[in-house]
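The next block holds one structure in the form of structure tokens; read it before the comments.
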Amino acid sequence: MAGAAMKLFGWEIRRVPAEAAPPPEAAPPPQVEAAPAPPAAPDATSFLSPDLLRREAWAWPTAAEIRRQLLGQDAGRLWLTIPHGHKWLSYFEVYEKVFAPLRGRAPRILEIGVDRGGSLDLWTRYFGPGTWIVGVDINPDCARFARPDQGVHVRIGSQADPAFLGAVVRELGPFDLIIDDGSHVTSHQIASFNALFDAGLAEGGLYFVEDLETSYWGHRTGQLDTPVTFLDFAKGIVDLMHDPYRHLDYPAFRIEVAEGTAIDAPRIARIVDEVRIFDSVVVFTRRTRMPPVVEYLE
Ligand SMILES: C[S@@+](CC[C@H](N)C(=O)[O-])C[C@H]1O[C@@H](n2cnc3c(N)ncnc32)[C@H](O)[C@@H]1O
């Protein structure tokens, strides 16, 4: 059959005898292919139903409603008596939800951002006798708001400077509550979190970051100076809480398997117990967690 031709669907197919086949060419040098670009992250909101995405009017409350709302919250009622304040009014409900368990317990507080001393005053009165509060500000004028005899301290430096924050923690910490109401620059918020969350908070302590709307104002204000918003950063921490599940399957978490062994996890996964998100606010709780284990009951 060597060299024979046959017809297939009108085409002539000619077989070339093996011995007559041309020698294989030298293999071409391997091509280094560029790694394929990862698929662009889908916009999670595109999965929402059109009903939930429908835009509609959101009416402002009346002045009377606002006043009633503020007077209904202890923090709001106190704040109305302190001059020079400016705050998103929705925060007072959030303060009540998050801070109430610390009231009357003489908490140790670190607040980044002193400005005219309004919140130093608010928090000493809201949390009650024995409150120990340290205000941190880059503006040296803020030192005048210190009243060490009443537990109000001020230290001057930048929240973007981990050495400064470390010195504050060594001198005056650890804290039950850290509030970031400083520059609202994303890189500063992240630098402060890195310097303070583990080293500066006591077990069970809260890390409260406010004014995250500034991330959405973005480059117009210069406050979004990182490729991610602070809320993206917070979502990354939520993902790291779940890091072990990425690497291990269900049977690996059985308690009898786990006994005497350990799973590998980033430190943040072990010490962040809760991440709460409100409008423009995120709150992290620092508490050492039990590693994930599963028990099969007979
Ligand atoms: C919004 S005000 C604080 C308001 C205050 N917490 C209150 O509620 O009354 C922000 C403060 O952050 C301070 N600030 C700006 N950049 C800073 C930085 N890099 N480090 C520390 N403080 C900073 C400003 O000087 C300003 O006093």
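What strands (runs of 3 or more DSSP E) lie completely within the stretch 150-244 and have 3 or more residues being without any contact (Cβ under 8 Å) to a residue 24 or more places away in the chain? Walk me through it before giving the result.
Numbers: elements: 152-156, 175-180, 201-209.
Answer list for the stretch 150-244: 152-156.
Given the criterion surrounded by fewer than 17 Cβ atoms within 10 Å (Cβ to Cβ), touching a Phe, Trp or Tyr at 6+ places or on another chain (Cβ under 9 Å) and at pLDDT 95 or above, identify the matching residue among Val275, Val293, Val238. Spell out the reasoning first.
On the way: Val293 fails: at pLDDT 95 or above; Val238 fails: touching a Phe, Trp or Tyr at 6+ places or on another chain (Cβ under 9 Å).
Just one listed residue meets the conditions, Val275.
Can you spot a residue in the stretch 69-80 that is modelled with pLDDT under 95, closer than 30 Å to Ala143 by Cβ and assigned to a loop (DSSP other than H, G, I, E, B)?
Taking every residue of the stretch 69-80 in turn, at least one turns out to be modelled with pLDDT under 95, closer than 30 Å to Ala143 by Cβ and assigned to a loop (DSSP other than H, G, I, E, B).
Of all residues in the stretch 51-68 being assigned to a loop (DSSP other than H, G, I, E, B) and of a type in the set (Lys, Arg), which is least open to solvent (accessible area, probe 1.4 Å)?
Checked the stretch 51-68; the qualifying residue least open to solvent (accessible area, probe 1.4 Å) is Arg54.
Return the total of residues in the stretch 245-272 being in a loop (DSSP other than H, G, I, E, B) and either touching a Phe, Trp or Tyr at 6+ places or on another chain (Cβ under 6 Å) or within 27 Å of Val209 (Cα to Cα) (or both).
2
State which residue is most open to solvent (accessible area, probe 1.4 Å) when the search covers only the stretch 123-141 and only residues that are outside any loop (DSSP other than H, G, I, E, B) and near the ligand (Cβ under 7 Å from one of its atoms). It would help to see each step written out before you state the result.
First, pick out the residues of the stretch 123-141 that are outside any loop (DSSP other than H, G, I, E, B): 123-127, 132-137, 140-141.
Of the ones still in play, those that are also near the ligand (Cβ under 7 Å from one of its atoms) are 136-137.
Working: Val136: 1, Asp137: 24 Å².
By that ranking, first place goes to Asp137.
Just to verify a result, which residue in the stretch 168-182, among those that are touching a helix residue (DSSP H, G or I) at 6+ places or on another chain (Cβ under 9 Å) and of a type in the set (A, V, I, L, M), is nearest to the ligand (Cβ to nearest atom)?
Of everything passing the filter in the stretch 168-182, Ile179 is nearest to the ligand (Cβ to nearest atom).
Among the residues of the stretch 81-91, are any touching a residue at least 60 places away in the same chain (Cβ under 8 Å), farther than 14 Å from Gly182 by Cβ and open to solvent by 40 Å² or more (accessible area, probe 1.4 Å)?
Yes, because at least one residue in the stretch 81-91 is touching a residue at least 60 places away in the same chain (Cβ under 8 Å), farther than 14 Å from Gly182 by Cβ and open to solvent by 40 Å² or more (accessible area, probe 1.4 Å).
Where residues in the stretch 109-122 are assigned to a strand (DSSP E or B) and more than 7 Å from the ligand (Cβ to nearest atom), which of them is farthest from Val154 (Cα to Cα)? Walk me through it before giving the result.
Residues of the stretch 109-122 that are assigned to a strand (DSSP E or B), as a first pass: 109-112.
Now drop any that are not more than 7 Å from the ligand (Cβ to nearest atom), which leaves 109-110.
Values: Ile109: 12, Leu110: 9 Å.
Among them, the one singled out is Ile109.
Of (1) away from the ligand (no atom under 15 Å from the Cβ); (2) modelled with pLDDT of 95 or more; (3) under 24 Å from Ile277 (Cα atoms), Tyr216 satisfies all except one. Which?
(2)
Quick one: how many residues across the stretch 144-162 are within 15 Å of the ligand (Cβ to nearest atom) and either open to solvent by less than 50 Å² (accessible area, probe 1.4 Å) or out of contact with any Asp or Glu (no Cβ under 9 Å at 6 or more places or on another chain) (or both)?
Looking only at that region, the number is 12.
Which of the numbered conditions does Leu165 fail, given that it passes all the others? Conditions: (1) crowded, with 19+ Cβ neighbours inside 10 Å; (2) farther than 24 Å from Ala234 by Cβ; (3) within 10 Å of the ligand (Cβ to nearest atom).
(2)
Report the residue count in the stretch 94-122 for those that are open to solvent by 40 Å² or more (accessible area, probe 1.4 Å) and closer than 21 Å to Glu210 by Cα.
9
Report yes if Ala106 is outside any loop (DSSP other than H, G, I, E, B) and either within 14 Å of the ligand (Cβ to nearest atom) or at pLDDT 95 or above (or both), otherwise no. Quick ask: steps written out before the conclusion?
Numbers: outside any loop (DSSP other than H, G, I, E, B): no; either within 14 Å of the ligand (Cβ to nearest atom) or at pLDDT 95 or above (or both): yes.
In short, no.
From the list Trp58, Trp79, pick out the single residue that is touching a Gly at 6+ places or on another chain (Cβ under 9 Å) and of a type in the set (Phe, Trp, Tyr). Working first, answer last.
Details: Trp58 fails: touching a Gly at 6+ places or on another chain (Cβ under 9 Å).
None of the others qualify; the one that does is Trp79.
Of the residues that sit in the stretch 194-211 and are buried (at least 23 other Cβ atoms within 10 Å of the Cβ) and under 17 Å from Ala167 (Cα atoms), which one is farthest from the ligand (Cβ to nearest atom)?
For the stretch 194-211, the residue satisfying everything is Leu201.
The values are calculated or read from the model by the stated rules, or taken from the named source; none is laboratory data. Nothing here was measured: the structure is a model prediction, and the numbers come from that model. Neighbour counts run over all protein chains shown; Cβ positions are idealised from the backbone, glycine included. Each accessible area value is taken on the protein alone, full model and side chains, heavy atoms only, with ligands, DNA and RNA left out. Shrake-Rupley method; radii C 1.70, N 1.55, O 1.52, S 1.80 Å.
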